[in-house]
Amino acid sequence: MQFTSEQRLDDGVLEREFTLGEIPGILWTPASTSAPAPLILLGHPPLGLREMYPRLAARARYSAAEGFATATIELPGSGDRPRWPAVEQARADLRRAMQTGEPVSDEIVDAVILPLVDKAVPEWQAALDALLSLPEIGGPVGYSGGVISIGIRLAVVEPRIVAAGFFAGSFVPRAMFEEARQVTIPLHVLLQWDDEGNDRQAALDLFDAFGSNEKSLHANMGGHTGVPQFAGDAAAQFFTRHLK
């Protein structure tokens, strides 16, 4: 891991950009801590870190106020990373189906999501290796938001992640339902009831499939971007319970 820039935000949070091989990322750490800070990995959709930065930074600063370090990385095929022609075509097929009101086929969902999961999860694990080697970062580790299928796979294969907050707002391949049954860590799942891009019943079925003994579903009225502020407060309380 190589840090490429750093700045102090106006609330004292230290923001450092880094690269991990070809993968860009950002680390935020609280203004002051008396011990290594617990870490939350900030997932996000594959829209590019530059576009997602305002929302990611807001989440990071909110978490820093609770004593958490947070980090994120650029997803494969996004931002300035090399394009991924097959996945780009699948995303175009997905957009066309949604715009025309056609059913989104399992084949399209698989082509969009599964290659991303297969490539992104090992990259998240490599980033976690590097982050946990820093003296200011300690365990335990949580995962928050992002493409829910990436979170599912990480929850299954990465024992250092002890709790996860998922956003039920993306398409999920049927194969991921079987993996969801293997998830056993505590889960906090947010569902926007009127999310125009989400299959509500599929989200409910996925929640039912999770194998965790502790899992809670928080459903709020409104569309994809209408998440209320108090939903963030509830997520922060969840991570405080399990990471501190």
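The values are calculated or read from the model by the stated rules, or taken from the named source; none is laboratory data. As the structure is a computational prediction, the values presented were derived from the model and not from experiment. For neighbour counting, all protein chains shown are included, and Cβ atoms are generated from backbone atoms with ideal geometry for every residue, glycine included. Accessible surface is based on the protein model in full, side chains and every heavy atom, while ligands, DNA and RNA are left aside. Shrake-Rupley method; radii C 1.70, N 1.55, O 1.52, S 1.80 Å.
The set of residues in segment 157-182 being assigned to a helix (DSSP H, G or I) and open to solvent by 10 Å² or more (accessible area, probe 1.4 Å) consists of 157, 174, 175, 177, 178, 179. Once segment 70-84 is narrowed to residues that are over 17 Å from residue 141 (Cα atoms) and not charged (D, E, K, R), the residue that is most open to solvent (accessible area, probe 1.4 Å) is 82. Among the residues of segment 148-160, are any among the polar types (S, T, N, Q) and in contact (Cβ under 8 Å) with a residue 40 or more places away in the chain? Taking every residue of segment 148-160 in turn, none turns out to be among the polar types (S, T, N, Q) and in contact (Cβ under 8 Å) with a residue 40 or more places away in the chain.
Residues in segment 121-156 that are within 23 Å of residue 202 (Cα to Cα), in a helix (DSSP H, G or I) and touching a strand residue (DSSP E or B) at 6+ places or on another chain (Cβ under 9 Å): 148, 150, 151, 152, 154, 155. I'd like the full set of residues that are part of a strand (DSSP E or B), open to solvent by less than 50 Å² (accessible area, probe 1.4 Å) and hydrophobic (A, V, I, L, M, F, W, C), limited to segment 1-31. Selection gives 14, 18, 20, 23, 26, 27, 28. Starting from residues that are more than 16 Å from residue 145 (Cα to Cα) and in contact with a Phe, Trp or Tyr (Cβ under 6 Å, 6 or more places away or on another chain), keep the ones in segment 189-244 and report whichever is most open to solvent (accessible area, probe 1.4 Å). Step by step, filter segment 189-244, then rank; the result is 221. Being part of a loop (DSSP other than H, G, I, E, B) and open to solvent by less than 40 Å² (accessible area, probe 1.4 Å) holds for only one residue in 108, 185, 113, and it is 185.
Only one of the listed residues (132, 128) is of a type outside the set (S, T, N, Q) and surrounded by 19 or more Cβ atoms within 10 Å (Cβ to Cβ). That residue is 128. Any residue in segment 21-32 that is under 15 Å from the mean Cα position of the chain (by Cα) and either among the basic types (Lys, Arg) or closer than 21 Å to residue 111 by Cα (or both)? Within segment 21-32, none of the residues are under 15 Å from the mean Cα position of the chain (by Cα) and either among the basic types (Lys, Arg) or closer than 21 Å to residue 111 by Cα (or both). Restrict the check to segment 53-69 and report whether at least one residue is under 30 Å from residue 241 (Cβ atoms), open to solvent by less than 30 Å² (accessible area, probe 1.4 Å) and part of a strand (DSSP E or B). Scanning segment 53-69 turns up at least one residue that is under 30 Å from residue 241 (Cβ atoms), open to solvent by less than 30 Å² (accessible area, probe 1.4 Å) and part of a strand (DSSP E or B). Counting residues in segment 44-51 that are at pLDDT 90 or above, open to solvent by less than 60 Å² (accessible area, probe 1.4 Å), more than 25 Å from residue 239 (Cβ to Cβ) and part of a loop (DSSP other than H, G, I, E, B) gives one or more. If you go through segment 90-105 and keep only what is open to solvent by less than 80 Å² (accessible area, probe 1.4 Å) and either among the β-branched types (Val, Ile, Thr) or over 23 Å from the mean Cα position of the chain (by Cα) (or both), you end up with 93, 97, 101, 104, 105. Of the residues 79, 142, 101, the single one that is under 25 Å from residue 187 (Cα atoms) and not basic (Lys, Arg) is 142.
Scoring residue 34 on the criteria (1) modelled with pLDDT of 95 or more; (2) open to solvent by 10 Å² or more (accessible area, probe 1.4 Å) leaves a single failure, condition (1).
Residue-level analysis places residue 87 outside the set of residues that are in contact (Cβ under 8 Å) with a residue 12 or more places away in the chain, over 30 Å from residue 18 (Cα atoms) and surrounded by 17 or more Cβ atoms within 10 Å (Cβ to Cβ).
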